[in-house]
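The values are calculated or read from the model by the stated rules, or taken from the named source; none is laboratory data. Computed from a predicted model, the values in this text were never measured in an experiment. Every residue, glycine among them, receives a Cβ derived from its backbone with ideal geometry; neighbour counts consider all protein chains shown. Each accessible area value is taken on the protein alone, full model and side chains, heavy atoms only, with ligands, DNA and RNA left out. Shrake-Rupley method; radii C 1.70, N 1.55, O 1.52, S 1.80 Å.
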There are 2 protein chains.
Amino acid sequence: MSAPDPQTLDPKLDLMVEREVGASPQTAWAAWTQPEHVRQWYAPAPGTIADCEIDLRPGGVFRFVPRSPDGVEHRVTCCYLEVQPFERLVWTDALLPGYRPAAAGFFTAVMTLEPRGDLTLCTTVAMHRDEHDRDHHAEMGFYDGWGTVLDQLVTYAPTI
Amino acid sequence: MSAPDPQTLDPKLDLMVEREVGASPQTAWAAWTQPEHVRQWYAPAPGTIADCEIDLRPGGVFRFVPRSPDGVEHRVTCCYLEVQPFERLVWTDALLPGYRPAAAGFFTAVMTLEPRGDLTLCTTVAMHRDEHDRDHHAEMGFYDGWGTVLDQLVTYAPTI
């Protein structure tokens with residue numbers, strides 16, 4: 001399956017951003033799944049990613065530490081759920097690595113890659129439990145945040 | 001991997017029950033994953049399972065409806081996370097099918113099967129986010145409940 005499962009998409013509960021990336025699905029996959037690449041684009045500039053840990057398997061850890069321009073760091077720990085190389089990556093902050101329920105998670109992300117000629121369509125969907133969480137995520141800057149980092153992915157991926 | 005990942009086990013946060021079942025791993029797996037079998041043993045008697053729906057794949061639904069002796073039904077909806085036939089099954093109520101965060105989930109279950117000569121060791125672990133949830137699950141009757149249903153599995157599986 002190379003696209004999000006339509007059964008899981010709900011406009012009232014989900015947020016979506018997509019971009020065409022000037023690289024192959026293999027390169028875009030590397031950008032999403034290798035810490036040295038993730039650190040280059042996954043925080044909206046001038047913020048940075050201070051650290052990134054990846055254990056790329058279902059149940060494995062996806063941990064990253066955004067650092068704001070004034071030096072405030074915020075550790076985010078997620079658990080990978082599906083790892084389909086070059087096609088589909090699913091993770092959530094509602095579970096810790098090893099699938100243990102987390103104290104305060106609120107989203108599941110589905111990232112898919114589809115070849116489009118020389119480009120790759122990269123689609124990210126964030127799923128929430130209710131409209132409150134969706135709206136809160138949007139107000140937190142989902143479109144500015146994910147929209148901006150996907151713009152940064154578009155710039156970065158072709159340089160890999 | 002045929003046993004729970006030791007990294008995920010925490011005596012302060014987890015509850016475990018195990019039983020030797022007089023059937024093959026294949027038969028024990030069928031008892032856990034086919035609705036017509038689940039309905040025969042998954043509620044502590046004299047309670048019953050009024051309904052059961054299974055879509056046996058990561059992200060798929062595991063829904064069951066325990067009915068108490070006085071007719072009260074309670075729908076439980078979980079999401080499968082790992083499906084390794086005859087070896088390991090992982091599901092959680094912290095996510096809905098399709099991985100959407102659930103409103104009020106509190107456990108992830110890991111069920112493993114290991115051949116022991118003519119028998120199969122069936123181990124179930126329930127993981128929680130904190131000691132409060134663990135203790136609450138224990139007080140809800142985890143050992144009576146899961147202990148009893150695993151006794152029922154021991155009785156039922158050899159009849160399949």
Checklist entry - When you go through B:PRO58, B:PRO85 one by one, which is the residue that is closer than 25 Å to A:LEU89 by Cα and surrounded by 15 or more Cβ atoms within 10 Å (Cβ to Cβ)? => result B:PRO58
Next on the checklist: I'd like to verify a number: residues in the stretch B:120-153 that are more than 14 Å from chain A (Cβ to nearest Cβ), open to solvent by less than 50 Å² (accessible area, probe 1.4 Å) and among the hydrophobic types (A, V, I, L, M, F, W, C), how many?
Outcome noted: 8
Checklist entry - Which one of B:GLU18, B:GLU82 is within 23 Å of B:GLU114 (Cβ to Cβ), among the charged types (D, E, K, R) and out of contact with any Lys or Arg (no Cβ under 9 Å at 6 or more places or on another chain)? => result B:GLU18
Checklist outcome for this item: Okay, strands (runs of 3 or more DSSP E) sitting entirely in the stretch A:1-90 with 2 or more residues that are out of contact with any Ser or Thr (no Cβ under 9 Å at 6 or more places or on another chain) and closer than 23 Å to A:PRO158 by Cα, I get A:48-54
Item to check | Unmet requirement for A:ALA23, which otherwise passes all of (1) without any contact (Cβ under 8 Å) to a residue 40 or more places away in the chain; (2) more than 16 Å from the chain's Cα centre (by Cα) | outcome: (1)
Checklist entry - List, please: which pairs have Cβ atoms under 9 Å, are six or more places apart or on different chains, and start with a residue in the stretch A:54-68 that is more than 14 Å from chain B (Cβ to nearest Cβ) and end with one that is of a type in the set (Phe, Trp, Tyr) and assigned to a loop (DSSP other than H, G, I, E, B)? => result A:PHE64/A:TYR42; A:PRO66/A:TYR42
Checklist entry - Would you pick out the residues in the stretch B:99-115 that are of a type in the set (Gly, Ala, Ser) and in contact with a strand residue (DSSP E or B) (Cβ under 7 Å, 6 or more places away or on another chain)? => result B:ALA102, B:GLY105, B:ALA109
Checklist outcome for this item: Every listed condition ((1) within 12 Å of the chain's Cα centre (by Cα); (2) of a type in the set (Gly, Ala, Ser); (3) at pLDDT 95 or above) holds for A:GLY145 save (3)
Checklist entry - Among the residues of the stretch B:106-119 satisfying the criterion of being of a type outside the set (Asp, Glu) and in a loop (DSSP other than H, G, I, E, B), which is least open to solvent (accessible area, probe 1.4 Å)? => result B:PHE107
Checklist entry - Can you name the condition, by its number, that B:VAL76 falls short on among (1) away from chain A (no Cβ under 14 Å); (2) hydrophobic (A, V, I, L, M, F, W, C); (3) in contact (Cβ under 8 Å) with a residue 24 or more places away in the chain; (4) surrounded by fewer than 19 Cβ atoms within 10 Å (Cβ to Cβ)? => result (3)
Checklist entry - Can you tell me which of A:VAL110, A:VAL125, A:VAL65 is more than 12 Å from the chain's Cα centre (by Cα) and either modelled with pLDDT of 95 or more or under 20 Å from A:ASP151 (Cα atoms) (or both)? => result A:VAL65
Next on the checklist: Residues to consider are B:ALA94, B:ALA103; find the one that is within 7 Å of another protein chain (Cβ to nearest Cβ) and open to solvent by 60 Å² or more (accessible area, probe 1.4 Å).
Outcome noted: B:ALA103
